[in-house]
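Working notes for the structure below.
The values are calculated or read from the model by the stated rules, or taken from the named source; none is laboratory data. All values reported here derive from a predicted model rather than from experimental measurement. A quick note on method: Cβ atoms are made from the backbone with ideal geometry, for glycine too, and the neighbour counts reach across all protein chains shown. What goes into the accessible areas is simple: the full protein's heavy atoms, side chains included, and nothing from ligands, DNA or RNA. Shrake-Rupley method; radii C 1.70, N 1.55, O 1.52, S 1.80 Å.
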Amino acid sequence: MLAIPQENQKRVVDPSRPVGKAPEEGEEESRLLLRFAAPRDPALIAKWISYQVINTERQDWRRGAEAAYRYRQREGHLDVPYEHVESEEAFPLGRWLSDQRRTFRAGAMTGERAAELEELGIVWDTADAGFEQNLGAARAYYELHGTLAAPRGATILDIAIGQYLTNVRRPGGLGKDRGRAERRAARLAAIDLDWNPGTLGWTVDWQRHYAYLAQLLAEGARLTGVVPGVTRHGEDVGRWLATQRRNWDRLNEEQQRRLATLGVTKAPQARRAPAKATGPRTGGEAFQKGIHALQQYIARTGTVTAPRSHVEAVVIDGEEHAVRLGIWLSNTKSRREKLDQAQRAALAELGVDWAG
């Protein structure tokens, strides 16, 4: 009935007054008119009445969609914090988008509305979006390191991937939904089958060193050459290997099997030196360890001068020892009067000037 002209047609008709907020400069006039001095489409009038009077929920949805569009144009994404309010019209966009996600999950959203929001870039499941981002970082870390056994402080692509992997390895770390957790675990396993070594009976640290040892050998290193001081990505793989050989019986069967596949065997039991008469503290087995450490230090640095705090890691008869070389040199010098001729000769041969 509103579409029926209420007055005779005239050549000049007073314009109807638009209802609603005026368009911004450069925007097209889209407001509907309340007064109908000239014939208008009845379907258009019916739609306006439904939109503005009968079904105001549509109006609220349109306001939200337009606010989402403006945010997307301005920020380049639709990852809106829950508490965010669009300042122009004080529209609670973050809460509105949360309501839309809930409506979508309940299956109560029309396909037209879902398509419009998807075109704007809405993420229906923000938890899955976060997982995808972290999964991409995990993939990048694996490509660089060949393992997902990252230390807790590791970062890549500006993501704390070490802490993230630590979190998801914990019980329930992949989410409370069992099906979703299984799918996420499968995707991590597709990157690195041993991404969660705790389920296999060993630590992340053990898995990382094992992976680095395998990589060194695959690149042509000889097992006998992987000695303390040989590193990969900052990890002392040589020292770790000596510890595994020495503590072989403490490893579980699968750890032993994996190491054996790389050619690693249990370290032979150290031979016990025959008992010797009590002599000066600088002599005997301790003196021989010091000489061995000094030889290794000179071969690596070319000097017999070691800082007092320096500790040299040496392997003698398959057993690793940590020799406080700097302190040993200082103590040996202060007790030089108690050294026998053979000990002085050994030091002099290595270039220790005061022993000549």
Taking region 206-238, which residues are touching an Asp or Glu at 6+ places or on another chain (Cβ under 8 Å) and outside any helix (DSSP H, G or I)?
-> Pro228, Gly229, Val230
All conditions in (1) assigned to a helix (DSSP H, G or I); (2) more than 14 Å from Gly284 (Cβ to Cβ); (3) modelled with pLDDT of 85 or more are true of Ala345 except (3)
Within the group Val237, Val230, Val264, which residue is open to solvent by 30 Å² or more (accessible area, probe 1.4 Å) and hydrophobic (A, V, I, L, M, F, W, C)?
-> Val230
Checking Asp79, Asp158, Asp99 in turn, the sole residue that is closer than 30 Å to His209 by Cβ and either among the acidic types (Asp, Glu) or touching a strand residue (DSSP E or B) at 6+ places or on another chain (Cβ under 7 Å) (or both) turns out to be Asp158
So, in region 100-116, of the ones that are open to solvent by less than 50 Å² (accessible area, probe 1.4 Å) and under 15 Å from Val80 (Cβ atoms), which residue ends up modelled with the lowest pLDDT?
-> Arg101
If we keep only residues of region 320-342 that are open to solvent by 70 Å² or more (accessible area, probe 1.4 Å) and under 47 Å from the mean Cα position of the chain (by Cα), then the residue modelled with the highest pLDDT is Arg324
Matching residues, region 117-165, being surrounded by fewer than 17 Cβ atoms within 10 Å (Cβ to Cβ), at pLDDT 85 or above and part of a loop (DSSP other than H, G, I, E, B) | Pro151, Arg152, Gly153, Thr155, Leu157, Asp158
Quick check: is even one residue across region 208-218 of a type in the set (Phe, Trp, Tyr), farther than 30 Å from Ala322 by Cβ and modelled with pLDDT of 90 or more?
-> no
Residue satisfying all of: in region 277-298; more than 14 Å from Leu329 (Cβ to Cβ) and at pLDDT 80 or above; surrounded by the fewest Cβ atoms within 10 Å (Cβ to Cβ) among these | Glu285
How many of the residues in region 73-99 are open to solvent by less than 40 Å² (accessible area, probe 1.4 Å) and not aromatic (Phe, Trp, Tyr)?
-> 8
Among (1) over 25 Å from Asp205 (Cβ atoms); (2) at pLDDT 85 or above; (3) not charged (D, E, K, R); (4) not in a helix (DSSP H, G or I), which single condition is Gly263 missing?
-> (1)
